[in-house]
Amino acid sequence: MATSPKLLESLGNLEKDSFISLLSNLIGESRHVQNNPPELIPEEDRVVKHLLNSLLPFSTTTGGGPLILNHVTYFPGRGNLIVEYPGTVPGKILSFVGCHMDVVTANPNNWDFDPFSLSIDGDKLRGRGTTDCLGHVALVAELMRKLGETKPNLKSTVVAVFIANEESSAITGVGIDALVQDGLLNKLKEGPLFWIDVADKQPCVGTGGMIPWKLHVTGKLFHSGLAHKAINPLELAMDAIKEIQLKFYKDFPPHPQEQVYGFATPSTMKPTQWSYPGGGINQIPGECNISGDVRLTPFYNVKDVMKKLREYVDDINENVQKLESRGPVSKYVLPDENLRGSLTLTFDEANSGVACDLNSKGFHVLCKATEEIVGNVKPFSITGSLPLIRELQDEGFDVQCVGYGLMATYHAQNEYCHFSDMAQGYQVFASIIAQLEN
């Protein structure tokens, strides 16, 4: 499949001055697009304003070009922007989606530089959102601007979707969920959809599901010097979690497809938080909570896992006297008092992972473009969770994932990306468009 030299020449390379200028404006808004409700509600239209300033001169709105702009807002100040460059062949389409205009929070006191303004250190572009995801917003906007400016004759329609409200699910009906529900992205199902919100320049072909869980453990409060009269919920929690984990890893072992997709880890079930009501050091508490998550590769079913976890807990409750304990007085039943330690398992909202279609045209052109531009192609998978992508896949979209920030700085202090990586991303996008023309 040969790419079109004329098209690639027309699109050229990422224009550094234009990209830096736009990105500087976007990072300058990052303080106002932090997403952590209810304290911080982002105002994504502050980002949309700069995108419109860049794209309107090449749009049908002003008569200056072919770009069709659709600013879609479901909540005041929190818009999405759909940008379309029309092709000549009906039904032939590709899209770049997932570039979100909100960011995670940043505390300037913990950073070595101002997170809310763009600073440049050699090839490093520094500030909140440079990697996730305002850098990608600027990158895709520059691609669409260049299409609008150079007006290449394309068979394919190229669509970019800049979305609100990716970083939090506490508020819904604002971003891509509402766009899909209203049918505004339906025609994107006719071609590959590239989700531009991962990192490290390689195709991300798999993500994990997530099952947040909480185990409430009830024992009996008593003086620590009379441990035989207590049921220690901390010890019960530790022994119960060990039993649950052993059963989980037996029932959900590493799956053969995980090697095919390059998952860094298999499915995991582990605790991440611990709490108890408080008390003196000489007091065995009466209860505690232990919370954590399951990260599940997409080859297992979330509902099956939740069912099994409930069964594990039910079995422990029925046979708590048989649970391995930690010494002669570390027991979980007090027969004389008719008391038994117990576990209560609850779940927060779970979501499923994604396995991208490795046979799709979108995957193959992405791999070819990556090999051409980056110099190698090594698809990878992680058990991080991207629920929006799974929802798109379930709706019938052919989703492929890639990004040009740095995994090491995702959601991190002192976030940055490299201009050279973004420039390669621009060339990958141009190659994808050119390949799909043939």
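The values are calculated or read from the model by the stated rules, or taken from the named source; none is laboratory data. This one's a predicted model, so the numbers in the text were calculated from it and none came from an experiment. Don't worry about glycine lacking a Cβ; one is built from the backbone with ideal geometry, like all the others, and counts go over all protein chains shown. These area figures cover heavy atoms from the full protein model, side chains too; ligands, DNA and RNA do not enter into them. Shrake-Rupley method; radii C 1.70, N 1.55, O 1.52, S 1.80 Å.
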Exercise. Over all directions, what mean area does the Cα convex hull of the range 1-105 project, stated in square nanometres?
Worked result: 9.1
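Write down the Å³ per residue value for the convex hull defined by the alpha carbon atoms of the range 182-236.
200
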Problem set entry | At 1.306 mPa s and 10 °C, Stokes diffusion of the range 85-153 via Kirkwood alpha-carbon radius, µm² per second | 109
For this session: Find me the longest stretch of the chain that has none of the exposed trypsin sites (Lys or Arg not before Pro), where exposed means in a DSSP loop (not H, G, I, E or B) with at most 16 other Cβ atoms within 10 Å.
Result: 156-325
Exercise. Within the chain, which cysteines find no other Cys whose Cβ is under 4.7 angstrom from their own?
Worked result: 99, 133, 288, 356, 367, 417
For this session: Specify whether the C-alpha gyration tensor of the range 280-438 places it in the rounded, prolate or oblate class, a ≥ b ≥ c being the square roots of the eigenvalues: rounded for a/c under 1.5, otherwise prolate if a/b is larger than b/c and oblate if not.
Result: prolate
Problem set entry | Candidates 290, 382, 281, ranked by Gaussian network fluctuation over the chain, Cα under 10 Å, top entry | 281
Seminar exercise, completed: Around residue 4 (Cβ within 12 Å, Cβ-to-Cβ, excluding residue 4; K/R +1, D/E -1) the net charge comes to 0
Problem set entry | Size of the chain as Cα extents on the principal axes (Å, biggest first) | 86, 45, 41
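How much length is gained if the chain between residue 276 and residue 151 is pulled fully straight, taking 0.36 nm per residue apart and subtracting their Cα-Cα distance, in nm to one decimal?
Residue separation times 0.36 nm, minus the Cα-Cα distance, leaves 38.6 nm.
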Exercise. Quick one: helix 45-55 against the long Cα principal axis of the chain, what's the angle to the nearest 10°, folded into 0 to 90?
Worked result: 30
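Scan the chain and hand back the longest stretch that contains none of the GluC sites (Glu not before Pro) lying in DSSP loops with at most 16 other Cβ atoms within 10 Å.
40-323
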Problem set entry | the chain: calculated mean residue ellipticity at 222 nm from DSSP helix runs of at least 4, using -39500 (n - 2.57) | -9500 deg cm²/dmol
Seminar exercise, completed: Pseudo-spin-label distance residue 420 to residue 39, built 7 Å along Cα→Cβ, given in nm, is 3.8
Seminar exercise, completed: From the cross-link list 201/247; 189/247; 220/307, the entries with a Cα-Cα span beyond 31 Å are 201/247; 189/247
Problem set entry | Loop-located chymotrypsin sites (Phe, Trp or Tyr not before Pro) in the range 335-438, at most 12 other Cβ atoms within 10 Å (DSSP) | none
For this session: Compute the acute angle (0 to 90°) between the alpha-carbon long axis of helix 134-150 and the principal axis of greatest extent of the alpha-carbon atoms of the chain; round to the nearest 10°.
Result: 20
Seminar exercise, completed: For the range 325-438, the percent of accessible surface on carbon and sulfur atoms (probe 1.4 angstrom, ligands and nucleic acids excluded) is 48
Problem set entry | Where chymotrypsin sites (Phe, Trp or Tyr not before Pro) fall in DSSP loop in the range 168-230, at most 14 other Cβ within 10 Å | none
Problem set entry | 0 to 90° range, to nearest 10: angle between helix 302-318 axis and the chain longest Cα axis | 10
Seminar exercise, completed: Computed over the chain, the relative contact order (Cα-Cα under 8 Å, seq sep at least six) in percent reads 23
Exercise. Could you give the distance between the Cα centres of the range 5-32 and the range 212-226, to the whole Å?
Worked result: 56
Problem set entry | For the range 269-368: rounded, prolate or oblate by the Cα gyration tensor [a/c cutoff 1.5] | prolate
Problem set entry | Contour minus Cα-Cα distance for residue 189 and residue 315 (0.36 nm per residue) | 40.8 nm
Exercise. So how strong a dipole does the range 337-386 carry about its Cα centre when Lys and Arg Cβ are +1 and Asp and Glu Cβ are -1, to the nearest 20 debye?
Worked result: 200
Exercise. Residue 416: net charge of surrounding residues, Cβ under 13 Å, Lys/Arg +1, Asp/Glu -1, itself excluded?
Worked result: -4
For this session: For a label point 7 Å from the Cα of residue 112 along Cα→C-beta, name the residues of the range 377-413 whose backbone N is under 16 Å from it.
Result: 408-410, 412-413
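Strictly over 19 Å apart at the Cα level, which of 214/308; 146/187; 250/270 would you flag in this model? If you can, show how the numbers build up before the last one.
Numbers: 214/308 15 Å; 146/187 23 Å; 250/270 14 Å.
Cα-Cα > 19 Å for 146/187; rest within.
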